[in-house]
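Visitor: One structure coming up, written as structure tokens, with questions to follow.
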Amino acid sequence: MELARKVLDAQPFSRLLGAEVTAFGDGGAVLELAIREELRQQNGFVHGGVLSYAADNAITFAAGTVLGPAVLTAGYTIDYVRPAVGAVLRARATVLHASRRQAVVRCELLTADEAGTETLCALAQGTVRTANA
């Protein structure tokens, strides 16, 4: 967990957004960030780019638990299922399949209100590969 937090802190964009790794290990990772005004689009919902960022990073961190720290996102897709509103954005990623050099990961993007009630707002799936050839 300490290594995951250091890696995230080394990303200037992650620091700008205020992202935190709250779970890391055993083929899974959770990334969270407080929803604040600067992360919203014109209708008051969390901007899709913020959800996409959270999915990408959570997917990569989850894959890193099985592939090691030197990994890169090869690609991912995201489907937005409802507008994101709440107090916290939570990206919960789980490795579905892994080989020595590649992992396929699914990510649920949820918002949580002040009481902690979660609402699904997007689903993503991605492929992550080791950075070593």
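Visitor: Out of LEU39, LEU72, LEU31, which single residue is crowded, with 21+ Cβ neighbours inside 10 Å and either free of Cβ contacts under 8 Å to residues at least 40 places away in the same chain or not hydroxyl-bearing (Ser, Thr, Tyr) (or both)?
Guide: Testing whether each residue is crowded, with 21+ Cβ neighbours inside 10 Å and either free of Cβ contacts under 8 Å to residues at least 40 places away in the same chain or not hydroxyl-bearing (Ser, Thr, Tyr) (or both) leaves just LEU31.
Yes/no matrix, rows are residues, columns are (1) in contact with a Cys (Cβ under 8 Å, 6 or more places away or on another chain); (2) in a strand (DSSP E or B):
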site	(1), (2)
ALA74	no, yes
LEU109	yes, yes
ALA115	no, no
ALA124	yes, yes
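Visitor: I'm trying to understand the selection: among the residues of segment 102-128, which are open to solvent by 60 Å² or more (accessible area, probe 1.4 Å) and in contact with a Lys or Arg (Cβ under 6 Å, 6 or more places away or on another chain)?
Guide: Answer for segment 102-128, where residues must be open to solvent by 60 Å² or more (accessible area, probe 1.4 Å) and in contact with a Lys or Arg (Cβ under 6 Å, 6 or more places away or on another chain): GLN102, GLN125.
Visitor: Name every residue in segment 75-91 that is open to solvent by 50 Å² or more (accessible area, probe 1.4 Å) and of a type in the set (D, E, K, R), in order of residue number.
Guide: ASP79, ARG82
Visitor: Hey, any hits in segment 4-11 for a residue that's over 25 Å from ASN132 (Cβ atoms) and of a type outside the set (A, V, I, L, M, F, W, C)?
Guide: The answer is no, given that none of the residues of segment 4-11 is over 25 Å from ASN132 (Cβ atoms) and of a type outside the set (A, V, I, L, M, F, W, C).
Visitor: Looking at segment 2-9, can you tell me whether even one residue there is within 11 Å of the chain's Cα centre (by Cα), of a type outside the set (Phe, Trp, Tyr) and either in a strand (DSSP E or B) or surrounded by 19 or more Cβ atoms within 10 Å (Cβ to Cβ) (or both)?
Guide: No, every residue in segment 2-9 fails to be within 11 Å of the chain's Cα centre (by Cα), of a type outside the set (Phe, Trp, Tyr) and either in a strand (DSSP E or B) or surrounded by 19 or more Cβ atoms within 10 Å (Cβ to Cβ) (or both).
Visitor: Does THR60 satisfy the condition of being in contact with a strand residue (DSSP E or B) (Cβ under 9 Å, 6 or more places away or on another chain), open to solvent by 30 Å² or more (accessible area, probe 1.4 Å) and either in a helix (DSSP H, G or I) or of a type in the set (Ser, Thr, Tyr) (or both)?
Guide: Considered against the rule, which asks whether it is in contact with a strand residue (DSSP E or B) (Cβ under 9 Å, 6 or more places away or on another chain), open to solvent by 30 Å² or more (accessible area, probe 1.4 Å) and either in a helix (DSSP H, G or I) or of a type in the set (Ser, Thr, Tyr) (or both), THR60 comes out as no.
Visitor: In segment 20-44, which residues are within 15 Å of ALA112 (Cβ to Cβ) and out of contact with any Lys or Arg (no Cβ under 6 Å at 6 or more places or on another chain)?
Guide: Answer for segment 20-44, where residues must be within 15 Å of ALA112 (Cβ to Cβ) and out of contact with any Lys or Arg (no Cβ under 6 Å at 6 or more places or on another chain): GLU20, THR22, ALA23, LEU31, LEU33, ALA34, ILE35, ARG36, LEU39.
Visitor: Another question, then. Considering every residue within segment 10-19, establish whether at least one is hydrophobic (A, V, I, L, M, F, W, C), in a strand (DSSP E or B), within 12 Å of the chain's Cα centre (by Cα) and closer than 20 Å to CYS121 by Cα.
Guide: no
Visitor: What are the pairs, 6+ residues apart or on separate chains, where a residue within segment 3-14 that is at negative phi has its Cβ under 7 Å from a residue that is in a helix (DSSP H, G or I) and among the aromatic types (Phe, Trp, Tyr)?
Guide: Listed by first residue and then by second, the contacts come to ALA4/PHE61.
The values are calculated or read from the model by the stated rules, or taken from the named source; none is laboratory data. In this text the structure is predicted, and so the values were computed from the model without any measurement. Heads up, the Cβs are rebuilt from the backbone with ideal geometry, glycines too, and the neighbour counts pull from every protein chain shown. Remember, those area values only see protein heavy atoms, side chains included, never the ligands or the DNA or RNA. Shrake-Rupley method; radii C 1.70, N 1.55, O 1.52, S 1.80 Å.
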